[in-house]
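Undergrad: This is the structure I have questions about; it appears just below.
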Amino acid sequence: MAVALPAQVTVFERGWLSSNNVLLTSGRETVLVDTGYCTHAAQTEALVRDALAGRMLDRIINTHLHSDHCGGNAQLQTAYPEVRISIAQSQLDDVRAWNADALTFEATGQQCPRFVAHDAVRPGDVVEMGELAWSVVGGAGHDPHELLLFEPQHRILISADALWQHGYGVVFPELEGEPGFADVAATLDRIEGLAPRVVIPGHGAAFIDVEEALARARHRLVQQRDDPRSHAWHALKVLLKFKLLEQRRIERTSLLEWATAMPYARALGTRHFSQEPLKALMLRAVGSLLKSGAARQLDDWIEDAG
Ligand SMILES: [Zn+2]
């Protein structure tokens, strides 16, 4: 059953390659939260244009700058030249200089066309979207710069990748040996303190069983904290699966070449699987995706599946 939301809040539920997008259509400004992955940008633009029914898109706010959340920014900026793009204060300089390394696009081997950011939002700010006042809440853990948006009147939380109905996103800092699990815990506590009635996650349908979702997330966090290697293994498969979602099918040798050159994969290989040659590790991860049904092999090709 679809979760009831105020009429001015429209959720485009996408998939795993593109994040969900939330469009707020009434009031002073029309605002879009997150724009999906670049290969889906035409679809994102069509969804937005259709829902706006002739109005302009005035503002984009990105919860964070992973390529699946801001990959449509550039196309929307071309379609709506007046649109104002707001991102986390802590990444404004990196976007202005387009430091693709600091922005993780190189580290993950993913793509994101360059866009122009106009201003910043920070935890503690209140932004008006759809005639509602949304608090900007720090959501570090999955990404140190992540921001969540909470509307206290209807108790709606836009949770990005900090909380999904079944889990949360890979804790990227941990892949490089930086602490991240404590931030995940703090963010989950913060979400619990907000007591949202509805959560609109970055991926998957909006949900109302928030207490259960928090319990599931905390259970996962304990497992990952106790066994960081299992988290690294999971992350490796997530990064490979993302590539398959992006490419649909890719030659096995190309996939392995890409994977063994990906900085995050190299970092987590060195850190957590130093006994195993990187190529063997990647082969094992691809094998695991094939075994679980997340991918299938046809001759020399690996295809996305499931
Ligand atoms: Zn993310």
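Undergrad: Do you know which of the residues in the range 155-182 that are out of contact with any strand residue (DSSP E or B) (no Cβ under 9 Å at 6 or more places or on another chain) and not in a loop (DSSP other than H, G, I, E, B) is farthest from the ligand (Cβ to nearest atom)?
TA: Ala182
Undergrad: Of the residues Leu255, Leu268, Leu240, Leu221, only one is in the same structural domain as Phe181 (by TED's automatic domain parsing) and crowded, with 20+ Cβ neighbours inside 10 Å; which?
TA: The match here is Leu221.
Undergrad: Tell me, please, whether a residue that is surrounded by fewer than 21 Cβ atoms within 10 Å (Cβ to Cβ), among the hydroxyl-bearing types (Ser, Thr, Tyr), out of contact with any Ser or Thr (no Cβ under 8 Å at 6 or more places or on another chain) and more than 26 Å from Ala206 (Cβ to Cβ) can be found in the range 60-79.
TA: Checking the range 60-79: at least one residue is surrounded by fewer than 21 Cβ atoms within 10 Å (Cβ to Cβ), among the hydroxyl-bearing types (Ser, Thr, Tyr), out of contact with any Ser or Thr (no Cβ under 8 Å at 6 or more places or on another chain) and more than 26 Å from Ala206 (Cβ to Cβ).
Residues checked against (1) modelled with pLDDT of 95 or more; (2) more than 16 Å from the ligand (Cβ to nearest atom); (3) of a type in the set (A, V, I, L, M):
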position	(1), (2), (3)
Glu29	yes, yes, no
Leu32	yes, yes, yes
Thr35	yes, no, no
Ala41	yes, yes, yes
Glu45	yes, yes, no
Val48	yes, yes, yes
Leu52	yes, yes, yes
Leu57	yes, yes, yes
Thr63	yes, no, no
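Undergrad: Looking at Ala100, Ala88, Ala79, Ala51 in this structure, which one is free of Cβ contacts under 8 Å to residues at least 24 places away in the same chain and not hydroxyl-bearing (Ser, Thr, Tyr)?
TA: The conditions single out Ala100.
Undergrad: When the range 243-252 is examined, which residues are found to be part of a helix (DSSP H, G or I) and surrounded by fewer than 19 Cβ atoms within 10 Å (Cβ to Cβ)?
TA: Leu245, Gln247, Arg252
Undergrad: I would also like to ask the following. Inspect all residues belonging to the range 126-141 and state whether any of them is surrounded by fewer than 15 Cβ atoms within 10 Å (Cβ to Cβ), at pLDDT 95 or above and outside any strand (DSSP E or B).
TA: Looking through the range 126-141, at least one residue is surrounded by fewer than 15 Cβ atoms within 10 Å (Cβ to Cβ), at pLDDT 95 or above and outside any strand (DSSP E or B).
Undergrad: Please go through the range 59-101 and pick out each residue that is under 18 Å from the mean Cα position of the chain (by Cα) and part of a strand (DSSP E or B).
TA: Ile60, Ile61, Ile85, Ser86, Ile87, Ala88
Undergrad: May I pose another question? Farther than 28 Å from Glu106 by Cα, touching a Lys or Arg at 6+ places or on another chain (Cβ under 9 Å), in the same structural domain as Thr108 (by TED's automatic domain parsing) and away from the ligand (no atom under 16 Å from the Cβ): does that describe Thr25? Spell out how you get there, then give the answer.
TA: Working: farther than 28 Å from Glu106 by Cα: yes; touching a Lys or Arg at 6+ places or on another chain (Cβ under 9 Å): yes; in the same structural domain as Thr108 (by TED's automatic domain parsing): yes; away from the ligand (no atom under 16 Å from the Cβ): yes.
So Thr25 fits the description; yes.
Undergrad: Name the residue, out of Gly269, Gly204, that is touching a residue at least 12 places away in the same chain (Cβ under 8 Å) and either out of contact with any Leu (no Cβ under 7 Å at 6 or more places or on another chain) or not in a helix (DSSP H, G or I) (or both).
TA: Just a single option satisfies the conditions, and that option is Gly204.
The values are calculated or read from the model by the stated rules, or taken from the named source; none is laboratory data. These numbers were taken from a predicted model, which means no experiment stands behind them. Methodologically, a virtual Cβ is constructed for each residue, glycine included, from the backbone with ideal geometry; neighbour enumeration extends over all protein chains shown.
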